[in-house]
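Here is the structure we will look at, set down as structure tokens.
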Amino acid sequence: MMEFRWIAAAALLPLAACQAMDGGAEPAPLPPPAEAACNGDAGQSFVGQTATAETGAALLRATGARTLRWVAPGMAVTMDYRPDRLTVSYDGAMKIERVSCG
């Protein structure tokens, strides 16, 4: 029985270390989500055009996005959502197939 108490005490010790040092005050609230800065509808007129650096710059100006992500055929991309990012997919002939925000 003595061994069980020792094991139980050892198991609870890491949990005690997790207690907040300030007496258990609530954590600070998260900042509000960023405003969506990308307007995907404004980029739809670029579908069918050739994917170039100049086209990318024009897409950023037209949509208001802060970042541009080119997606080549078969390329893996992350699924994280960023409201300030414009994602542009193109085919093997460098023709833009899809323009979307996120």
Would you work out if the range 35-92 is rounded, prolate or oblate? Take a ≥ b ≥ c from the square roots of the eigenvalues of the alpha-carbon gyration tensor; rounded if a/c is under 1.5, else prolate when a/b is larger than b/c, oblate otherwise. oblate
For residue 79, what is the net charge nearby, where nearby means another residue's Cβ is under 15 Å from its Cβ and Lys, Arg count +1, Asp, Glu -1? +2
Grab the other residues whose beta carbon is less than 13 angstrom from that of residue 50, score K and R as +1, D and E as -1, and report the net. -2
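Read the figures in this text as sums done on the coordinates, not as results from a lab. Every value quoted in this text rests on a predicted model; they were computed, and no experiment measured them. Ideal geometry is used to build each Cβ from the backbone, glycine not excepted, and the neighbour counts take in all protein chains shown.
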